Amino acid sequence: MSDSLDRLYQSVLAARDLDPATSRTAKLFQQGREKIAKKLAEEAVEVVIDAVAGRPDAVIRESADLLYNLTVLWAAAGVRPEQVWFEMNRRERMMGIAEKLPKPPKAAKSRSGSRRPIDALEDRIRKLG
């Protein structure tokens, strides 16, 4: 799979400077990192919603969109796939392939008292279930 994502990454880099009128990738780069991040978040939400709703075919399609948008974000952020693979290998050596490194506990609300974006997503998922 990493070969496929490596090829996708190279294709994204090649399309970055094409005409935004004919290339979705070039248009995303033209719109900036914030728009790219928003598209990635939208695709992630779609994957989650389809998974909770029990639609595996839709999960497959939306996952492909998610990986595409993740690859675009990597390119926009100056992250190369091999850096991600290195991190995954490092974690596997530390915790095993199926484990995620523990993170410190996080507060449910920011200092200003506003909700975190993930809270709204969690509410939306709960409503589906």
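The values are calculated or read from the model by the stated rules, or taken from the named source; none is laboratory data. Everything numeric here is computed off the predicted structure, so don't read it as measured data. Every residue, glycine among them, receives a Cβ derived from its backbone with ideal geometry; neighbour counts consider all protein chains shown.
Laid out as a table, the results:
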| read-out | value |
| --- | --- |
| Flag if A98 is modelled with pLDDT under 95, loosely packed, with under 12 Cβ neighbours inside 10 Å and under 19 Å from the mean Cα position of the chain (by Cα) | yes |
| Hits in segment 14-50 (condition: over 13 Å from Y68 (Cβ atoms) and aliphatic (A, V, I, L, M)) | A14, L18, A21, A26, A37, A41, V45, V48, I49 |
| Residue among A76, A53 that alone is closer than 17 Å to R7 by Cα and small (G, A, S) | A76 |
